[in-house]
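The values are calculated or read from the model by the stated rules, or taken from the named source; none is laboratory data. Predicted, not measured: the structure shown is a model, and the values here were computed from it. So basically every Cβ, Gly included, is an ideal-geometry build from the backbone, and we count neighbours across all protein chains shown. Heavy atoms of the whole protein, side chains included, go into the accessibility calculation; ligands, DNA and RNA do not. Shrake-Rupley method; radii C 1.70, N 1.55, O 1.52, S 1.80 Å.
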Amino acid sequence: TNQRKKWCDPWVITLIVLVCLVLGMGAFAGAYFLPEMLGKADTAQGNQEIVYTPTKISVSPSSGNGTSITFYAMADAPYTDHERENIMPYQIKNLSSSADFLVHLGDLQDAADGCQESAYQAASAILKQSNIPVFVIPGDNDINDCADFEHGEEQWTKHFRHLDKKNWDHDFLVTRWGELEESFAFLKNRILFFGLNIVGGSPHSDSEWKSRHAEHLHRVKELMTKLEDDYDVAVLLAHASPSSNHADFFEEEGGLASFVKEIGKPFLHLHGDDHVWAESEGAFDVDNYMMVSLDCGEIASPIKVEIDTEKENPIKISREDTNLEVECCKEGGHG
């Protein structure tokens with residue numbers, strides 16, 4: 001009887017009710033939230049489509065005639081002390097100040113030399129001598145190929161991240177993404193530019209490469225679609241010479257090449273990595289896709305690219321060294 005009384009005490013009854021409520025709420029929460037939690041886990045494992053935050057971009061103020069831009073591009077330099085002390089400083093000094101910007105497509109040092117901070121520092125110091133804003137995109141030697149990947153990231157971030165923003169006043173309204181905010185896009189004078197962290201070498205992490213390529217592809221397609229009425233020419237700036245390691249971005253179903261074909265506008269793709277000049281009109285069997293591989297800095301000066309969307313053939317490329325020719329676009333081509 002005494003035992004029965006204990007179970008009938010009000011505080012015991014209250015405790016039992018509270019326990020039941022907690023267990024019931026736990027069951028409800030599990031039923032409600034578990035599918036969502038599992039969905040997120042599946043997304044991380046690639047079983048569901050990843051939902052990216054929308055890419056915000058504003059149209060940069062127009063300049064000049066409002067339909068043209070002139071810029072320089074270079075890659076794969078400086079690798080040696082001779083390039084650092086003589087060749088590259090001369091090249092940077094002789095760029096026309098009337099151009100809108102310079103872009104370095106990556107590999108600003110040789111990873112085989114140990115990714116020493118002095119190499120990053122020297123290349124950064126040379127670029128800072130430019131009279132025009134400089135955008136920098138990572139190459140495989142800058143981060144991916146370093147024996148210590150995190151060290152490479154640290155050095156690139158310290159010496160090249162937001163280089164354009166820190167050292168020049170310009171009116172490009174740049175949107176950036178990536179772990180280091182190393183990839184970017186901007187729209188000016190009806191020309192849409194993308195600078196993407198797509199590198200050569202062997203992947204340091206297959207999963208990281210695939211997720212990075214997927215985000216790049218999503219954002220490029222998003223912006224090219226959203227801004228379709230605001231641009232007439234698109235330009236891709238990246239380091240890697242496309243290979244099987246990049247097929248998920250360029251060539252597979254739903255990749256960039258088929259999307260560029262669908263959009264139908266002139267598309268210029270500049271890259272480094274191979275260290276030698278090559279031109280590919282109709283790259284990936286897409287008529288409006290023009291791809292150019294740049295010489296390394298030891299061989300040639302930065303190329304000059306003039307784009308005027310008012311012209312029937314809007315893209316003109318000049319190799320500034322007089323003994324080097326351009327087949328595709330020396331008089332304006334790729335309309």
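For the reader, a short list of remarks on this structure follows.
- For the stretch 192-292, the relative contact order works out to 28 percent when only alpha carbon pairs closer than 8 Å and six or more residues apart are counted.
- Taken one residue at a time, the phi angles of the stretch 236-248 give Karplus couplings (6.51, -1.76, 1.60, θ = phi - 60°) of 10, 10, 7, 7, 5, 6, x, 9, 4, 5, 10, 4, 5 Hz. Gly and Pro are set to x.
- Length gained on full extension, residue 243 to residue 310: 20.7 nm, using 0.36 nm per residue less the C-alpha separation.
- Fraction of accessible area attributable to carbon and sulfur, the stretch 67-116 (%, probe 1.4 Å): 44 percent
- Principal axes of the stretch 77-159: Cα extent on each, largest first, Å: 40, 24, 16
- With θ taken as phi - 60° and the Karplus curve 6.51 cos²θ - 1.76 cosθ + 1.60 applied, the whole-hertz 3J(HN,Hα) list for the stretch 106-111 is x, 6, 9, 6, 9, 4 Hz, x standing for glycine and proline.
- Residue separation of residue 167 and residue 225 scaled by 0.36 nm, minus their Cα-Cα distance, works out to 17.7 nm of gained length.
- The stretch 130-200 shape via C-alpha gyration tensor axes, a/c threshold 1.5: prolate
- Nearest-0.05 FRET efficiency for residue 51 and residue 85, computed from C-beta distance (R0 51 Å): 0.55
- The stretch 304-312 - phi-based ³J(HN,Hα) in whole Hz, Karplus 6.51/-1.76/1.60, Gly and Pro as x: 10, 10, 10, 10, 10, 6, 7, 7, 4
- Sites residue 210 and residue 280 - FRET efficiency at Förster radius 25 Å, r taken between beta-carbons, to 0.05: 0.50
- FRET efficiency, residue 287 to residue 320 (Cβ-Cβ, R0 35 Å, nearest 0.05): 0.80
- Kirkwood hydrodynamic radius of the stretch 176-335, from inverse mean 1/r over distinct Cα pairs, in Å: 16.2 Å
- Descending by average beta-carbon neighbour count within 10 Å, the peptides 197-203, 120-126, 102-108 line up as 102-108, 197-203, 120-126, the highest first.
- Relative contact order %, the stretch 55-191, counting alpha carbon pairs below 8 Å whose residues are six or more apart: 32 percent
- Among beta bridges that DSSP assigns inside the stretch 69-188, antiparallel share in %, nearest 5: 30 percent
- Quarter of the Cα convex hull surface for the stretch 127-169, i.e. its orientation-mean projected area (nm²): 3.0 nm²
- Normalised per residue, the accessible area of the stretch 62-157 is 39 Å², obtained with a 1.4 Å probe and no contribution from ligands, DNA or RNA.
- Taking a ≥ b ≥ c as the square roots of the eigenvalues of the alpha-carbon gyration tensor, the stretch 152-269 is classed oblate because a/c is 1.5 or more while a/b is no larger than b/c.
- Taking all Cα pairs closer than 8 Å and separated by 6 or more residues, the relative contact order of the stretch 233-285 comes to 52 percent.
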